[in-house]
Structure formats: C-alpha cells, structure tokens
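Here's the structure, in structure tokens; my notes come after.
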Amino acid sequence: MSTTIVLQQMGVIAILVAVGIILYKKEIVDNNVSQKISVIVMDICNPALILASILSGNVTATHGDLINALIVGAAFYAALIALGILIPFLFRVPGDKRRFYNLMTVYTNVGFIGIPVARAILPPNAILYVIVCNVMYSLLFYTHGITALSNGKEKMNLKNVLSPGTVMAVLSLVVCWFKITPPPLISNSIIHIGNATVFLSMTLLGVSIARSRVDKGFKNPRLWAYIVVRLVLLPVVIFFIFRKIGGNPLSVLGFSLMAMMPVGNLPLIQSEKMGEDTSLLSTAITVTTVVSMVTITVLMSIFSACL
C-alpha cells in the first residue's frame, strides 16, 4: 500500500465527512434524523460490512493467521487496559475524571469509524485484525468498561455483549475459519448492505462535528496531552514493536490503524444512562475525531512507506 493510496482514500473520507457537515448546516439532516441513521449503521450496515469483508473472497487468512490475530488482539487490549490505568495518573487527572480517561484510552471507535476507514485504506486480509479488535471491544466494554465507569457499583451486563456487531463479528470469524460460502442471494445482499456503511458513517461523523463545539475542546491542554500519547505515540510504539518481533505487515498495519482511532461513543452513551456529566466525553469524541483525520493520514502514510 503506497502513500499515494492512503492520501487518496483519506481524501475521499474527508469529502464524505464534509458532505455530512453541509447536510447538517442546510438542516437536511437534523439530530433526530442522524440518531435514526446511527441505529441503522450500528445495528445493520456496520455488522453487515464486517461479514461482507469475509464474504467478498478477498480475505484469504489461514487458521494460523486467525489464531495469531486473536492472541495479538488479546495482548493489544491488555496493554490498552494497563495504559488506561496509567494515563490518568500520568496527566494528574482529578479523581472524579480518571475513570473517563481510562475508558477513553481503552474504548476507541474501532467499529463506527475503524471498519470503514480500514476497508478504505488497508489490504483485504488486514480486515481480519479489525474484526478481532471489534470482538475484543464488545466483550470488554460490557464487562471491564461498565465496571470501571461505575467504580465497581454497576454490574456487568453480559446480555448486552450480544449486540448485532459482536454477533456478526464472531460469525465472520466462524465463516473465515470454516470457509463457509453462503448462496449468492444471501452473500450479495449482505455485501450491498455493508457497502452503505462508509458513506453513511462518514456523513454522520460530519454531522457530529458540525453540531459540536470543537473550539472549546481544542483549548484543553490535558486533552491535547492525551491525544499526543494515545493517538500518536501509542501507534508508533505498536508499529515498531510489531516490526521488531516479526509481525506480518498486514497485522502491523491493522493493529497500528486500530491504535489511531478516536474516542468511541459507547462510554458516552453508557455515562448518559448512568446520569453522569458527559461534557468531557463529548468534547473528547469531537476533538479526537477531527484530529484523527490528520494523524491517521500522516502516520499510515509513513508506516506504509516503512514496510
């Protein structure tokens, strides 16, 4: 994958995001419409895109590749959990905000943004590592994530682990392992539904940016320190560690890209359900999303040139 391809694909994504901003400014897409489209993307299109990535026939991973992806994915999230504990102390975050920085570190947007971006700029076989990250994310958030957010007061909700995204991600791994080939009627339908994800998700991202106070978040020095460590230094460290231990180029690119993702929406949604002050999370989501458009382009261009 050349630097030119990365720049071109991120340019396309930037245009799609701009479309969302324009649609919101012209009041074609309001908060009510964007909320309904978000449900469609999260529960239908994004899960379909995960499976479509496997059914396309372009992913030719072996059993060894899949096992390796699961092992590395588990290590990847174990490292994120450790970093989530360290960062609040490193940045001297006030006690009542530490759990938010913890979740911001571990639970980034590997699904809503990660899957479409990976589909756009990574080789097909690298999608396997993106799928594994989504499985790990869902399994951890409704166990570790809820416990950390509530300081141990909220019980783990294992039922919520079985979200459409998690179910489809696990199903994709099963399809990949057993080389299952469904009838063309089924596979083509899933592929067409999944193909809608990139446009819809990037448009919604533009809507989210348009309705947020980005300028306020850019004035937060602690948030900038978090961005430097989490969105820049961590992907660089992961890239060089994976290269040093002899990771294959696809896994290096896949996990490096997942390490660049901005703060995810689930911590915000769960915090709102618990009646928490979500101003920090909403600001962090907006600012990291805007910044990630630049950091992903620059870092992936450099990493691609180095492999």
_I'd like the residue in the range 75-120 that is part of a loop (DSSP other than H, G, I, E, B) and under 19 Å from Pro262 (Cβ atoms) and, out of all such residues, is most open to solvent (accessible area, probe 1.4 Å)._
Phe91
*May I ask you to list the residues in the range 211-228 that are open to solvent by less than 20 Å² (accessible area, probe 1.4 Å) and either within 15 Å of Val33 (Cα to Cα) or modelled with pLDDT under 90 (or both)?*
Gly217
*asked:* Within the range 43-64, does at least one residue satisfy the condition of being hydroxyl-bearing (Ser, Thr, Tyr) and modelled with pLDDT of 90 or more?
replied: no
*For residues that are among the aliphatic types (A, V, I, L, M) and open to solvent by less than 30 Å² (accessible area, probe 1.4 Å), tally how many sit in the range 236-260.*
7
*All but one of (1) open to solvent by 10 Å² or more (accessible area, probe 1.4 Å); (2) modelled with pLDDT of 90 or more; (3) charged (D, E, K, R) hold for Lys179; which doesn't?*
(2)
*Any hit, the range 6-26, residues being assigned to a loop (DSSP other than H, G, I, E, B), open to solvent by 10 Å² or more (accessible area, probe 1.4 Å) and modelled with pLDDT under 90*: no
*Hey, can you tell me all the residues within the range 261-294 that are under 22 Å from Asn151 (Cβ atoms), assigned to a helix (DSSP H, G or I) and open to solvent by less than 40 Å² (accessible area, probe 1.4 Å)?*
Pro267, Leu268, Gln270, Ser271, Leu280, Leu281, Thr283, Ala284, Ile285
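The values are calculated or read from the model by the stated rules, or taken from the named source; none is laboratory data. Quick caveat: nothing in here was measured; it's all calculated off a predicted structure. Using ideal geometry, Cβ is built from the backbone for each residue, glycine included, and neighbour counts are taken over all protein chains shown. The area values use the complete protein model at the heavy-atom level, side chains included, leaving out ligands, DNA and RNA. Shrake-Rupley method; radii C 1.70, N 1.55, O 1.52, S 1.80 Å.
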